[in-house]
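The values are calculated or read from the model by the stated rules, or taken from the named source; none is laboratory data. Please read all numbers here as calculations on a predicted model, not as lab measurements. Note: ideal-geometry Cβ built from the backbone for every residue, glycine included; neighbour counts use all protein chains shown. Just the protein is used for accessible areas: all its heavy atoms, side chains included, with ligands, DNA and RNA removed. Shrake-Rupley method; radii C 1.70, N 1.55, O 1.52, S 1.80 Å.
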Amino acid sequence: MRDMKALPLIRFLRKPDNQPLAALLLHWMLLALLCTSAIVLFGNRLPALTNLHLRHWDAEWYYLIKKRGYDYIAGRQGTMAFFPLFPFLWKFSFLNEEGISLFNALIFSASFWWLARTLKLGFVSSLLFLSTPSLLFCFIPYSEALFFMSSTILLIGLHKKNDPLIIAGMCLAAFSRSVNIVLIPALLYTYVLNYGLSAKTIRFVLAATLCVTAATMVVFWIQYLSTGQWYVFFDMQKQWHRSLQLPTLPLTTLSTKVLWLDVIALFVAVLAAGDTVMEAIRVLLRREKAGYSAMAQFSMVYIALMGFLAVFYSGIWPGQHSSSIMSLNRFVFAGPYFICYCYERSAKSKTILSGLLFLSALSVALCSAGIYEKLSFLGSYPVTLCYFAAIGLYITLYYFAFHRRELKLFFYSIHVITMILLLFDFLGYG
């Protein structure tokens, strides 16, 4: 009798439009099962999923904004570097760290489902994207879940040619993260490619710019109410070692444990920059049909600009001797832009030009990260070569995974384990 009742649910989940929902349910069940198993097997050797352990790194800054608003001490790092949408939601939801993490997971799941249905992702492709390790930030006390939701609204608006949705998504994104410097050029690029430098393009981009600027000014006003000072956000950027400068190679990151993730994110950013240029040449100079949808065009410009900012705007952190690309994986992978761009580009991976661009982007990423010299944490140069060779192999296999179901499942299994390892590392202040 129970099996008979389950059949309608199975038929519902097997429908093409509902396969992303089925993937979400399976993914969360598997994550919960593996986390529980790890806790049972390793017990006290693992940090607990408690409020205190969830309040690490940026989560601590958001918690301070939630508890007492913004504060500013000249010459010191502080809360002024963070935008208020997430901490205000946390404050007025009256949730603790565990509760807001679950709420973030719900926001992310609903946003992913909406995006995946729009892209018509299948069950296995949905699983592959869901397991992207950096999506960890969407279910801890960080702003990524709200940014994922805001960006999804923006991309769906581009897909439906719905101007209010686009504006709403951009304003919410600008209220959650300092991204207006990236959103406006991406919108301008997308509209010029689809509508030319027309009155429609100029009118809408100007309107979007005004709205995003207004949202940013509201953020500065909120910070002013707490501190009595305007625009100290820009001074705070210097305390976080962010200023425009030429990079010092090889590029590094905060932890050797995630260098591979940031190098892969750098590869994706370089690849997206190449596709951005090629798409502009195709549409504006050759007058050919666009190779990408408006969603993917916007996404690849966003990713390319985030890569540029990571390389030319992050600077050298204390204790390091070269420029940092810290958290580039978070900016590239923990959002819907990577999903839109990667999914559309996978259909073009068999052309010669696409292959050449792939090899060029891979070479730039590996060389920028120091393949030409021994990395200090690897001991010897042969080990360094093996390390970068493994990254290159990983990228290459992932590049072709969308054409092989077995490879998708292979990467899903690796990514889920990696995500859990990163989660417990985060809980232990790693």
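Computed with a 1.4 Å probe over protein heavy atoms only, the accessible surface of the range 293-430 comes to 42 Å² per residue.
The apolar share of the surface of the chain, taken as the fraction of accessible area on carbon and sulfur atoms (1.4 Å probe, ligands and nucleic acids excluded), comes to 68 percent. Global size of the range 272-369: 14.9, 50 Å for Rg and Dmax (C-alpha atoms, Rg to one decimal, Dmax whole). Summary: within the chain, the longest segment free of GluC sites (Glu not before Pro) located in DSSP loops with at most 11 other C-beta atoms within 10 Å is 1-287.
Between the C-alpha center of the range 157-228 and that of the range 300-315 there is a gap of 18 Å.
Scaled to the globular estimate 2.2 N^0.38 Å, the Cα spread of the range 337-429, given as radius of gyration, is 1.28. These residues, V192, V218, go from largest to smallest accessible area, 1.4 Å probe, as V218, V192. Pairwise inverse Cα distances across the range 175-219, averaged and inverted, put the Kirkwood hydrodynamic radius at 10.9 Å.
Near the amide H of T252, within less than 5 Å, lie the amide hydrogens of S323, S324, I325, all on another chain or at least 5 residues away, with H placed in the peptide plane.
Its residues counted as N, the range 133-213 yields a C-alpha radius of gyration over 2.2 N^0.38 Å of 1.14. For the range 46-165, the solvent-accessible area with a 1.4 angstrom probe is 37 square angstrom per residue.
With every protein chain in place and a 1.4 angstrom probe, the accessible-area ranking of I73, I352, largest first, reads I352, I73. Can you flag which of K160/K200; K257/K374; K120/K161; K289/K408; K200/K289; K289/K348 are past 24 Å Cα-Cα? Too far apart for the 24 Å limit: K289/K408. Each listed q (0.19, 0.21 Å⁻¹) maps to a log10 I(q)/I(0) for the range 54-168 from the Debye sum over equal C-alpha point scatterers, namely -1.01, -1.12. If you plug the beta carbon distance of I39 and L206 into 1/(1 + (r/R0)^6) with R0 = 60 Å, you get a FRET efficiency near 0.65. Within the chain, what's the longest stretch lacking trypsin sites (Lys or Arg not before Pro) that sit in DSSP loops with no more than 10 other Cβ atoms inside 10 Å? Here the longest run is 162-285.
Do any chymotrypsin sites (Phe, Trp or Tyr not before Pro) in the range 213-264 lie in a DSSP loop with no more than 16 other beta carbon atoms within 10 Å, and if so, which? Within the range 213-264, the qualifying chymotrypsin sites (Phe, Trp or Tyr not before Pro) (loop, at most 16 other Cβ atoms within 10 Å) are W230, Y231, W240.
Taken over the range 135-279, the ratio of Cα radius of gyration to 2.2 N^0.38 Å equals 1.20.
Across the range 285-300, computed HN-Hα scalar couplings (Karplus, 6.51 cos²θ - 1.76 cosθ + 1.60, θ = phi - 60°) run 9, 8, 6, 9, 6, 4, x, 10, 6, 4, 4, 6, 4, 4, 5, 6 Hz from first to last residue, x flagging Gly and Pro.
Sorted largest first, the principal axis extents computed over the alpha-carbon atoms of the chain equal 65, 62, 55 Å.
Loop-located chymotrypsin sites (Phe, Trp or Tyr not before Pro) across the range 375-430 with a Cβ neighbour count of 10 or fewer within 10 Å are Y429, with loop assigned by DSSP.
Among the chymotrypsin sites (Phe, Trp or Tyr not before Pro) in the range 90-120, those located in a DSSP loop and surrounded by at most 13 other Cβ atoms within 10 Å of their own Cβ are F94.
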